[in-house]
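Contents: one structure, followed by commentary.
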Amino acid sequence: MFKLFTSTNLFPRILLSLSIAFIYNFVTSMDSILSFLIFFPLFGSFFIAWLPSEQKTLIKSIALFISGVVFLFSLSLFINFNKSLSKFQFTETVNYWFPWDSSSSTFILLGVDGISLFFILLTTLLIFICLLSSWDNIHTHLKEYLLAFLVLESLLLGVFMTLNLLMFYILFEATLIPMFIIILTWGSRERKIRAANMLFLYTLFGSVFMLAGILYIYWVVGSTDYQIIVASAQFTSFEQRLLWLSFFLSFATKVPMLPVHIWLPEAHVEAPTAGSVILAGILLKLGSYGFLRFSLPLFPEANFYFTPLVYTIAVLGVIYTSLTAIRQTDFKRIIAYTSVAHMNIVMIGVYSFNVIGLGGSILQSISHGFVSSALFLIIGVVYDRFHTRLIKYYSGLVHIMPLYALIFLFFTMANIALPGTSSFVGEFLILAGSFKENTSVTFLAATGMILGGAYSLWLYNRVIYGNLKKDEGNLHLKYSYDINRREFYIFLPLLIGTLLMGIYPKVFLDSLDASLLNLVFQLKS
């Protein structure tokens, strides 16, 4: 029976039939689209788990099909999203019960507004790209690798959709488990154990305080429903400051901000290419999203009180990590430190408390998801060929990989916020918004753009230009080949997204305006 069920010919038909039935249920109605996006990857991972590990092509095809379907249906959120509404849309209500809560009117709520919409789209796109980029790169424990990514996708989508504080915390922490496994199992060097432990311990330690804050909120308000808390909670100034600090420790570790940023370069260097893409492209956004969704509207007075602290840490983070990136010799470590710098610029936009800066912070977060993910994939292309990330072994790649050099140049320019790219729009709005609040902070943050040009252009010059080196480290550069068709298709959506946001950001800003105006009203009312 098992052989019949897992037959190479029969199984795709079963999965396709069930998928069509599953999908048809949601094509006819948008009422359950959010739960579909969360549970469909889990549904697919259940089938993959039953497949024999030897059927690698079938397993990869099914996983790619599942992630592709989820991405296409996430686009329906954008298409059907009402840009004029500030309230949550596509909301879903599910009854649940806890031993300490006998109330029959308690719900897990799912909903999407302009703030969470683009984080959802970014998640579904990057998971699909990660699975496509891993098509020929993962040879050991392939099934478990794909299962980890599909489970991680479900958890991340749940984080961006849930409107319940307790469920947010559970999903927020649960994302650590598949990421820990990905680094620990498919990391590139022996230090992967240390890197996985640092990721887990740093982020878990910060989140313990957030859990204490959530339990206190439940004790005071009597509910963990986000909308009820925003509407009815009346915390004193002292309570707001303590609760803000408890949430800050968790979200700042995730961003990451100084001095709890050390885990990120280690995790990036040791993670496989797809793991680095998810780390930079999505997991770091959990921190900035947490500030936007919870810290700002729940503790408005405390936000203004602690703004000087956030500005100081963020500015130091931008300058310090940019200078640190210049002196790195590892390909991945450079991009890892640039990620810290860019995310700290995002924090300056978050705490500008105006629509311009807040909009810029979200656009910059999405742009960073495009650009940093592409740069890690660019590193992965040469690592797959030469199995080293030390820059000293590379030179003159333009002679043998001209298309690779062109794509690398485009994303290098995007990384330094060249006009016409997504990063320029995000950083310009952040600096314009922060200038209205604090000119000194804006000036210091702008130095990150200058330092960004230094480390980005120097990296590109060392790797792409010059003469081909002789066979140092047995690299055999002269026998290499340019990017193939699969690799080009991986970069194509990131190229389109970066250009679209840079040339026509109105597409994104129109969906954000109503939600951001409502957020600013909550802050200043």
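The values are calculated or read from the model by the stated rules, or taken from the named source; none is laboratory data. What you see is a predicted model; the values in this text were computed from it and never measured. Backbone-built Cβ (ideal geometry, glycine too); neighbour counts: all protein chains shown. Note: areas computed on protein heavy atoms with side chains; ligands, DNA, RNA excluded. Shrake-Rupley method; radii C 1.70, N 1.55, O 1.52, S 1.80 Å.
Of the peptides 209-221, 264-276, the order by per-residue mean of other Cβ atoms within 10 Å, starting with the highest, comes out as 264-276, 209-221. Suppose a student asked you for the relative contact order of the stretch 322-405, using Cα pairs under 8 Å spaced at least 6 residues apart; what percent would you report? That works out to 29 percent. Using the alpha carbons alone, the radius of gyration of the stretch 32-524 stands to its Kirkwood radius in an Rg to Rh ratio of 0.96. Here the stretch 256-372 is treated with +1 on each Lys and Arg Cβ and -1 on each Asp and Glu Cβ, and its dipole about the Cα centre works out to around 120 debye. As a calculated quantity, the FRET efficiency between residue 517 and residue 418 at R0 = 30 Å, using C-beta atoms, amounts to about 0.50.
Just to be sure I understand the model, the point goes 7 Å from the Cα along the line to the Cβ. What's the resulting residue 139 to residue 32 distance in nm? If labels sit at residue 139 and residue 32, their model points lie 4.4 nm apart. Placing dummy labels 7 Å off each Cα toward the beta-carbon, the span from residue 212 to residue 504 is 5.1 nm.
Between the listed residues 430, 85, 160, the Cα displaced farthest toward the positive end of the dipole of the chain, a dipole computed from Cβ unit charges relative to the Cα centre, is found at 430.
Counting only protein heavy atoms and a 1.4 Å probe, the stretch 32-524 has 36 square angstrom of accessible area per residue. Candidates 45, 509, 449 compared by Cα position along the dipole of the chain: farthest toward the positive end lies 449, with charges placed on Cβ. Taking Cα centre as origin and charging only the Cβ of basic (Lys, Arg, +1) and acidic (Asp, Glu, -1) residues, the dipole magnitude of the chain rounds to 1160 debye. Peptides 85-92, 349-356, 401-408 ranked from most to least packed, by the mean per-residue count of other Cβ atoms within 10 Å: 349-356, 401-408, 85-92.
Note on residue 482 and residue 403: their simple-model spin labels are 0.6 nm apart, each label 7 Å out from Cα toward Cβ. Answer rounded, prolate or oblate for the stretch 127-215, using the Cα gyration tensor with square roots of eigenvalues a ≥ b ≥ c: rounded when a/c is under 1.5, else prolate when a/b is larger than b/c, else oblate. The shape class here is oblate. Counting only DSSP H runs of at least 4 residues, each contributing -39500 (n - 2.57), and dividing by the residue count of the chain, the helix-based mean residue ellipticity at 222 nm comes to -23500 deg cm²/dmol.
With a sphere of radius 12 Å drawn around the Cβ of residue 248, what net charge do the other residues whose Cβ falls strictly inside it have (Lys, Arg +1; Asp, Glu -1)? Charge balance in the 12 Å sphere: +2.
The length gained on full extension between residue 450 and residue 56, counted as 0.36 nm times the residue separation minus their Cα-Cα distance, comes to 137.2 nm. Among residues other than residue 433 with Cβ under 15 Å from its Cβ, the summed charge is -1 (Lys and Arg +1, Asp and Glu -1). Sequence-distant contacts, meaning Cα pairs under 8 Å at least 6 residues apart, place the relative contact order of the chain at 15 percent. Full extension of the chain between residue 190 and residue 468 gives 97.1 nm of extra length, using 0.36 nm per residue less the Cα-Cα distance.
Taken one residue at a time, the phi angles of the stretch 377-392 give Karplus couplings (6.51, -1.76, 1.60, θ = phi - 60°) of 5, 4, 5, x, 4, 6, 5, 4, 8, 10, 6, 8, 10, 6, 5, 4 Hz. Gly and Pro are set to x. Annotation: extensible slack from residue 49 through residue 392 equals 119.3 nm (criterion: 0.36 nm per residue apart, minus Cα-Cα distance). A Förster radius of 51 Å combined with the Cβ-Cβ distance from residue 234 to residue 75 puts the calculated FRET efficiency at roughly 0.80. A dipole drawn for the stretch 32-524 from +1 and -1 charges on Cβ atoms has a positive end, and of 238, 147, 342 the residue lying farthest that way is 342. Cross-linked pairs 143/192; 285/392; 192/332: Cα-Cα separations exceed 22 Å for 285/392.
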